[in-house]
1. Can you name every residue in the stretch 54-74 that is out of contact with any helix residue (DSSP H, G or I) (no Cβ under 8 Å at 6 or more places or on another chain) and not in a strand (DSSP E or B)?
2. Determine which single condition R115 fails, assuming it passes every other condition in (1) assigned to a strand (DSSP E or B); (2) in contact with an Asp or Glu (Cβ under 8 Å, 6 or more places away or on another chain); (3) buried (at least 17 other Cβ atoms within 10 Å of the Cβ).
3. Out of R51, R38, R12, report the one residue that is touching a Lys or Arg at 6+ places or on another chain (Cβ under 8 Å), assigned to a strand (DSSP E or B) and basic (K, R).
4. Just to verify a result, which residue in the stretch 3-18, among those that are among the aliphatic types (A, V, I, L, M) and modelled with pLDDT of 95 or more, is surrounded by the most Cβ atoms within 10 Å (Cβ to Cβ)?
5. Could you tell me whether any residue of the stretch 101-122 is under 22 Å from I14 (Cβ atoms) and among the hydroxyl-bearing types (S, T, Y)?
6. List every residue pair whose Cβ atoms lie under 6 Å apart, where the two residues are 6 or more positions apart in sequence or sit on different chains, the first residue falls within the stretch 66-86 and is on the phi > 0 side of the Ramachandran plot, and the second residue, located anywhere, is assigned to a strand (DSSP E or B) and surrounded by 17 or more Cβ atoms within 10 Å (Cβ to Cβ).
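The values are calculated or read from the model by the stated rules, or taken from the named source; none is laboratory data. Predicted model, so just to flag it, every value in this text is computed and none were measured. Neighbour counts run over all protein chains shown; Cβ positions are idealised from the backbone, glycine included.
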Amino acid sequence: MSLPLDSDVWHRVIKSDRIKSGKKKMKNIGLRSIMILREDEEIRVTDALCRHMAWPLAYGGKVKDGCITCPLHQTKYDLDSGEVKEWSPFPLFPMYGRLLGKMRRPSPLAVHTARELDGWVEVRLSN
């Protein structure tokens, strides 16, 4: 049985108690990978892969000041809007970062709606 993937459907993705404060988890809804993040009592859900080089943000991504930074090339996204704050700066070698940044155009990270209901985190995918 396949899951419908339209934006009006809520998908149960993980038990609420399996995602602790300050932790991130990567899950799939159909073929779409998402990242679930709990900060205190708030649940945030975005696409799981950095839009630059498709690195999984849940594995080593740093969350600070409402943004997540990709551990690979340091691309930074706003967690509320998905807006690109920095595109591949790669601060250890700035020239390398600029070169890699030109491989793809900056594009925002998809942000999805989440809720907790009956002990589950449920997600409604954005388009």
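1. Going residue by residue through the stretch 54-74, those that are out of contact with any helix residue (DSSP H, G or I) (no Cβ under 8 Å at 6 or more places or on another chain) are 54-72.
Hits for the stretch 54-74 are A54, W55, L57, A58, Y59, G60, G61, D65, G66, C70, P71, L72.
2. Failing condition for R115: (3).
3. Values: R51 fails: assigned to a strand (DSSP E or B); R12 fails: touching a Lys or Arg at 6+ places or on another chain (Cβ under 8 Å).
Step by step, each of R51, R38, R12 is checked, and only R38 is touching a Lys or Arg at 6+ places or on another chain (Cβ under 8 Å), assigned to a strand (DSSP E or B) and basic (K, R).
4. Restricting attention to the stretch 3-18, the residues satisfying the condition of being among the aliphatic types (A, V, I, L, M) are 3, 5, 9, 13-14.
Going one step further and asking which of them are modelled with pLDDT of 95 or more, we end up with 13-14.
Details: V13: 20, I14: 16.
My answer is V13.
5. So the first thing to find is which residues in the stretch 101-122 are under 22 Å from I14 (Cβ atoms), and the list is 109-122.
Retained after the next criterion (residues that are among the hydroxyl-bearing types (S, T, Y)): 113.
Yes, the conditions are met somewhere in the stretch 101-122.
6. So the pair list comes out as G82/V111.
Results for (1) among the aliphatic types (A, V, I, L, M); (2) surrounded by 12 or more Cβ atoms within 10 Å (Cβ to Cβ), shown as yes or no for each residue.
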residue: E39; (1), (2): no, yes
residue: D47; (1), (2): no, yes
residue: C50; (1), (2): no, yes
residue: K64; (1), (2): no, no
residue: Q74; (1), (2): no, yes
residue: V84; (1), (2): yes, yes
